[in-house]
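Below is one structure; the comments refer to it alone.
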Amino acid sequence: MPAASLLVYIAGHCPASRYSRELAMEMADAFPELDVTVIDVDAPAAQPPKGADVLFTPGYFLNGRLVAYGNPRREELERVVRQALAGEG
């Protein structure tokens with residue numbers, strides 16, 4: 001079981017979503033123990049994390065908690081992922 005889970009919500013009509021997908025894949029490559037899922041909110045089966053509302057895209061949720069709306073800086077996302085993997089977040 002992965003130590004942490006990153007859900008990235010995107011939308012086809014959102015210009016920032018292309019970079020969001022790239023950033024999510026960079027996180028998957030950098031942290032093999034991180035479970036990364038990119039969800040297109042326009043897809044019929046898209047579901048928000050339990051207890052959270054996806055208000056905007058892109059939306060980043062780490063272990064079900066909001067990290068950012070909009071694309072965070074890569075360094076900031078790496079920092080919070082490292083903390084989560086270390087059991088600090």
Name every residue in the range 53-67 that is farther than 16 Å from L34 by Cβ, under 9 Å from the mean Cα position of the chain (by Cα) and crowded, with 16+ Cβ neighbours inside 10 Å, in order of residue number.
P58, G59
Counting only residues in the range 1-46 that are of a type in the set (D, E) and either modelled with pLDDT under 95 or assigned to a loop (DSSP other than H, G, I, E, B) (or both), the one nearest to the chain's Cα centre (by Cα) is identified as D40
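The values are calculated or read from the model by the stated rules, or taken from the named source; none is laboratory data. Worth saying up front: this structure is predicted, and the values here are computed from it rather than measured. Cβ atoms come from the backbone with ideal geometry, glycine included; neighbour counts cover every protein chain shown.
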